[in-house]
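Q: Got a structure here, written out as structure tokens. Questions coming.
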Amino acid sequence: MKNKQSIIDTERRSQGKAFQFSNQQRRMVIGLFLFTLSLWASADNTNPFTGIWWNENQTLKVRIVADDNVYKGIVVWKSEASEAKMKEGDVFLKALKPNGDLTRLEDGIIGNENRSAKCTITPAGKDKLEVKMSKGFLFKTVTWTKAEEE
């Protein structure tokens, strides 16, 4: 004769309820799902270059975007004190290419048709970029800081 648990298991299988979760198991599965979802949502997989950046003296805000793995920077704000001959919407950075592991943007141009230089951009901490500009044998390095998204 079959024991009582065996009879209950047989009845559950015949009713399609062989694999029911208990309330505790349901809570564990839901908790694990929510925990995994929160880890995924909080993962910092962001690109260190894209976003809006203040120039060193905070007279320009430049939005850096990737377009077919080539980066460019567009002026989104300019103060009246800015010496740049740019206006909102102008491309200020162009032709920046990422190196293999996305730790630097290289071979770009900063400025406009009248005044430009080669540039390389490297992350310098969580919310900072080091922008190195060069023209011939002269070079200058400045630090840009992350601005609030508009």
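Q: Could you say whether any residue in the range 65-73 is loosely packed, with under 12 Cβ neighbours inside 10 Å, assigned to a strand (DSSP E or B) and without any contact (Cβ under 8 Å) to a residue 24 or more places away in the chain?
A: Yes - at least one qualifying residue is present in the range 65-73.
This table checks each residue for (1) touching a Lys or Arg at 6+ places or on another chain (Cβ under 6 Å); (2) assigned to a strand (DSSP E or B); (3) over 18 Å from Phe139 (Cα atoms).
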| residue | (1), (2), (3) |
| --- | --- |
| Gln58 | no, no, yes |
| Lys61 | no, yes, yes |
| Ser82 | no, no, yes |
| Phe92 | no, yes, no |
| Cys119 | no, yes, no |
| Thr122 | yes, yes, no |
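Q: Can I ask one more? Given the conditions (1) farther than 23 Å from Glu83 by Cα; (2) in a loop (DSSP other than H, G, I, E, B), and given that Lys97 satisfies all but one, which numbered condition is not satisfied?
A: Every listed condition holds for Lys97 apart from (2).
Q: Against the definition (more than 24 Å from Leu138 (Cα to Cα) and more than 19 Å from the chain's Cα centre (by Cα)), how does Lys87 come out, yes or no?
A: Yes, satisfied.
Q: Further question: Looking at the structure I just gave you, is Met28 farther than 24 Å from Ala147 by Cα, part of a loop (DSSP other than H, G, I, E, B) and at pLDDT below 95?
A: no
Q: Counting only residues that are surrounded by 15 or more Cβ atoms within 10 Å (Cβ to Cβ) and more than 23 Å from the chain's Cα centre (by Cα), which one in the range 91-115 is modelled with the lowest pLDDT?
A: In this case the residue turns out to be Asn112.
The values are calculated or read from the model by the stated rules, or taken from the named source; none is laboratory data. Note that the coordinates shown come from a computational prediction; the quantities given were computed from them, not determined experimentally. Glycine also receives a Cβ, built like all others from the backbone with ideal geometry; neighbour counts cover every protein chain displayed.
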